[in-house]
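This report concerns only the one structure given below.
The values are calculated or read from the model by the stated rules, or taken from the named source; none is laboratory data. Given the structure is predicted, the values throughout are model-derived calculations rather than measurements. Note that we place each Cβ from the backbone using ideal geometry, even for glycine, and neighbour counts take in every protein chain shown. For accessibility, only protein heavy atoms count, side chains too; no ligands or nucleic acids. Shrake-Rupley method; radii C 1.70, N 1.55, O 1.52, S 1.80 Å.
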Amino acid sequence: MAVIEVTAARNVEVQGLSQKFGRTEVLHGLDLEVGQGVFGLLGPNGAGKTTLLRTLATILRPGRGSVRLLGFDVTHAGEKRALRRRLGYLPQSLGYYPNFTVFEFIEYFALLKEMPSREVRPAVVRAIERVGLEEKAKSKLRTLSGGMLRRVGIAQAIVNEPDLLLLDEPTAGLDPEQRVGFRRLLREMGASGTVIVSTHLVEDVGAACTEVALMERGGILFRGAPDDLVARGEGSEVGDSPLERGYSSVLAAARV
Amino acid sequence: MRNHPRDEAHVARCADCQARWGLAALDVDLDRVWSGVAAEAWASPVGRVERLAGRLLGSPGLARALVNTPSLVLSWILASALVLGIGVMVTRQTEQPWVALLAPALAGIAISYAYGPGVDPAWELSQTMAVSDRQVLLVRVFAVFGLNMVLGLVASLGAAQAVGITLGWLAPMAMVSALALAAATTAKSANVGVAIGLAGWAIAVLASGRGTEDAAAAVSRPALVPVYLAFALAGVGLTLWSMSGSRSTGGVTWR
């Protein structure tokens, strides 16, 4: 009798990815496979997290190596378009159009994602509700606080119910209550797709992520469950929480 | 009916009570109803121009990107028309073809502010969209160039210019627009695009107008058309190269 091996679908398949800016190699032969769930990216400034996310978001073409997302090859124009319809991205610095309202801004990007016309407005309403901005739906973006703008950014990223959601520092500017709500949202999105979230806040990773990777200098130093990262920090005194201690321990070991 | 309880649970399953109380069978997706109501309340109406553009382009997203072009807003168009109107008046008074000199410059400025990271605060996000930045570029540049061409033609006719001069600035306009666009996208700055476009035009006017009093006629000579088109093609090529994903974007501040 034949044995059929069933493997979980890998929505993100990166092999040997290298990226250079000028003469500086920012990513070195990085391998990464991620399936369904919430995947956290930790690391110090300059580790390459944003470069990795930009590559996955198809902003940067892979310098070397291969990247396949949701089964699509990111270097093929036709496949890239199909991929982008199922992609959601929140950049680290989100620019906005000051005279757009919250609704208009999210609707604009829903249209650019080529969502079916009939689905656009109900989807925008749902996205606004999920980030708790109902009262501000008709407000101009220039009147919003930094935290509210961040939530607008999250809303445009999720409006098309993406199968692959990439978030770069999504909780910057959010208050603790909003961060709790955001983590719940992450878990919801991760239940049916892949979420990759880059953050400096280890508590976000611990609360929402099923798996976490620690990057430094363009490579991955650690990959595993948050509990595994905590275990690496046992006995260490550097850090104010178990996750921070694990984070510091892994970095310290790599720098020896 | 006298013995029917009057609680919600009963009414929800009793057709007689529903009929009595004037309630239709509640077979409505209330979430969908709410979404529709909220969308109506929160959304802005879609203008006629955008609806027409959506039908012509076959893409509501592209149409929305087109109507949000900074240099296609009404105030910009009126300002361009005003400048050309002044050019018409000066031309009629001085009999110097000022429209031929102004039209390419205005087009170059408008093109610089049509597209690119210099004018789009959400540029990074725009590069992840299914409607690609190249599609947006093509549509916006075509529309802005076309509008400026129409404005220039109307102004030329208003100034009672000779046909040769009326049409002679089209090739220079293409060159200035392409140079401005290339500079704006490469430098990620609309202001740089404007500066390069105007500088290029000034050089072309001064160089071809040497030894003659009629700079506008000199710069519109048919013999110069291949030169203008060559520069225009070079500008387009540079624009496409600077838009390719192989260029790094890290550490660059959008201006």
At least 50 Å² accessible surface lost relative to isolated chain, residues of segment B:95-131 (1.4 Å probe): B:PRO121, B:GLU124, B:LEU125, B:GLN127, B:THR128, B:MET129, B:ALA130
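Quick one: Kirkwood hydrodynamic radius for segment B:52-91, alpha-carbon pairs, angstrom, one decimal? Don't skip to the end; give the middle numbers.
Values: mean 1/r = 0.0855 Å⁻¹.
Across segment B:52-91, the inverse of the average 1/r is 11.7 Å.
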Most positive-pole-ward Cα, A:GLY29, B:ALA232, B:ILE203, against dipole of the protein assembly as shown from beta carbon charges: B:ILE203
Residue-averaged beta-carbon neighbours from other chains (10 angstrom radius) around A:51-60: 4
Descending Cα extents along the principal axes, chain A, whole Å: 53, 50, 48
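Carbon-plus-sulfur fraction of the accessible area of segment A:135-176, 1.4 Å probe, in percent? Walk me through the numbers on the way to the answer.
Working: 720 of 1480 Å².
Carbon and sulfur together cover 49 percent of it.
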Unsatisfied cross-links (Cα-Cα over 29 Å) in the set A:LYS49/A:LYS80; A:LYS49/A:LYS138; A:LYS49/A:LYS136; A:LYS80/A:LYS138; A:LYS113/A:LYS140: A:LYS49/A:LYS138; A:LYS49/A:LYS136; A:LYS80/A:LYS138
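How much of the calculated P(r) for segment B:48-242 lies past 28 Å, in percent of all Cα pairs?
Values: 4925 of 18915 pairs.
Pairs farther apart than 28 Å: 26 percent.
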Within the accessible area of segment B:88-240 (1.4 Å probe), percent carbon and sulfur: 74
Cysteines, the protein assembly as shown, no other Cys beta-carbon under 4.7 Å: A:CYS209
For the protein assembly as shown, the fraction of alpha-carbon pairs in successive 10 Å shells from zero, as %: 4, 16, 22, 20, 16, 11, 7, 3, 1, 0, 0
Solution diffusion estimate, µm²/s, Stokes-Einstein, segment A:93-161, Kirkwood Rh from C-alpha pairs, 10 °C, viscosity 1.306 mPa s: 137
Interface area, B with A, accessible, probe 1.4 Å, both sides summed, Å² nearest 100: 3300
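Please compute the average number of Cβ atoms from other chains found within 10 Å of each residue's Cβ in peptide B:38-48.
On the way: counts 10, 10, 2, 4, 14, 10, 6, 0, 1, 0, 0.
Mean number of neighbouring Cβ atoms from other chains: 5.
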Top positive-direction residue, dipole computed over the protein assembly as shown with Cβ charges, set A:VAL159, B:ILE109, A:PRO98: B:ILE109
